Amino acid sequence: MGIRITPSILNADFSRLDQEINRIASVSDLLHLDVMDNIFVPNFTFDFDQAASIIGSSPIPVDSHLMIADVDRLAPAYAHAGSASVTIHAEASSSIRSTLRAIRSEGARSGLAIKPGTSIEEYADLVDDVDMYLIMTVEPGFGGQKFMSTMMDKVARTRSIIGDRPIWLQVDGGISLETIEIAREAGADTFVAGSAVFNSADPADMVEQLRALADAK
Ligand code: DX5
Ligand code: ZN
């Protein structure tokens, strides 16, 4: 099973983002871009123009995680701006299937994220319109929170919904050297890590260490 490490720049130094991204680019599969609007979550990161500029200049493919209320209107624009993958929250969307299809028709992978309190079973019937499920392992909004191991059942159930389809299964929140193997054993194959990477003295080495644990048989 192929695995991916997708560092989140949420805890990077925003005043020198290009350099921060360059520190991890050569060892990372995708760059995880957390977009927050201070409405869907109580935190703000980038507006569309700022995000589009990061997407346009990133040396590696960008995985845009949209934690925004106006997601049905904006998600296709994030795909059009060049994201490799665009993930919407089930809780924010009022037309999930058509937004997932619009993301695909703009040439990006379609992602569906669910918060800790939301069940996956409700969204199992969307499986053929989804290229990645994202099971949140913290409440979205902030980096540096504690990994919720109680979400591992949900990860395992999502893995069985996926079956043998080539759909990625991402976890996001509190992934570190201590928790990545638990998530892998539950069935995750795509791992976001924010503070573990950017609070470490050597972010690239941390990505390599995380990959070694996630890849172990
Ligand atoms: C939380 C974000 C995460 C977060 C991960 O809402 O979606 O991507 O930045 O950060 P850590 O790895 O510090 O939990
Ligand atoms: Zn995220």
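The values are calculated or read from the model by the stated rules, or taken from the named source; none is laboratory data. Just so you know, these numbers come straight off a predicted model, no measurement behind them. Neighbour counts are summed over all protein chains in view; Cβ atoms, including those assigned to glycine, are modelled from backbone coordinates with ideal geometry. Keep in mind that these areas ignore ligands, DNA and RNA; they rest on the heavy atoms of the full protein, side chains included. Shrake-Rupley method; radii C 1.70, N 1.55, O 1.52, S 1.80 Å.
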Worksheet item: Just one of the numbered conditions (1) open to solvent by 10 Å² or more (accessible area, probe 1.4 Å); (2) within 16 Å of ligand 2 (Cβ to nearest atom); (3) not in a loop (DSSP other than H, G, I, E, B) is not true of V155; which one?
Response: (1)
Item to complete: Only residues that are of a type in the set (D, E, K, R) and within 16 Å of the chain's Cα centre (by Cα): list them for the stretch 1-36, please.
Response: R4, D29, D34
Fill in: Test for S83: is it of a type in the set (S, T, N, Q) and farther than 23 Å from N43 by Cβ
no
Worksheet item: Out of all the residues in the stretch 184-198, which are within 13 Å of ligand 1 (Cβ to nearest atom) and either open to solvent by less than 10 Å² (accessible area, probe 1.4 Å) or free of Cβ contacts under 8 Å to residues at least 40 places away in the same chain (or both)?
Response: T190, F191, V192, A193, A196, V197
Worksheet, complete the sentence: When (1) touching a strand residue (DSSP E or B) at 6+ places or on another chain (Cβ under 9 Å); (2) open to solvent by less than 40 Å² (accessible area, probe 1.4 Å); (3) within 11 Å of ligand 1 (Cβ to nearest atom) are applied to I5, the one that fails is (3)
Discussion item. Please go through (1) open to solvent by 30 Å² or more (accessible area, probe 1.4 Å); (2) of a type in the set (A, V, I, L, M, F, W, C); (3) in contact with a helix residue (DSSP H, G or I) (Cβ under 8 Å, 6 or more places away or on another chain); (4) more than 16 Å from ligand 2 (Cβ to nearest atom) for I39 and return the number of the only condition it doesn't satisfy.
Written reply: (3)
Response to the item:
Matching residues in the stretch 177-217 (within 15 Å of the chain's Cα centre (by Cα) and among the polar types (S, T, N, Q)) number 2
Response to the item:
Reported set for the stretch 124-150 where residues are surrounded by fewer than 19 Cβ atoms within 10 Å (Cβ to Cβ) and more than 16 Å from ligand 1 (Cβ to nearest atom) is A124, D125, L126, V127, D128, D129
Fill in: Residues of the stretch 73-130 satisfying the condition of being in a helix (DSSP H, G or I) and under 16 Å from the mean Cα position of the chain (by Cα)
A75, Y78, A79, L100, I103
Practice prompt. Out of F14, F46, report the one residue that is modelled with pLDDT under 95, away from ligand 1 (no atom under 12 Å from the Cβ) and open to solvent by 10 Å² or more (accessible area, probe 1.4 Å).
Written response: F14
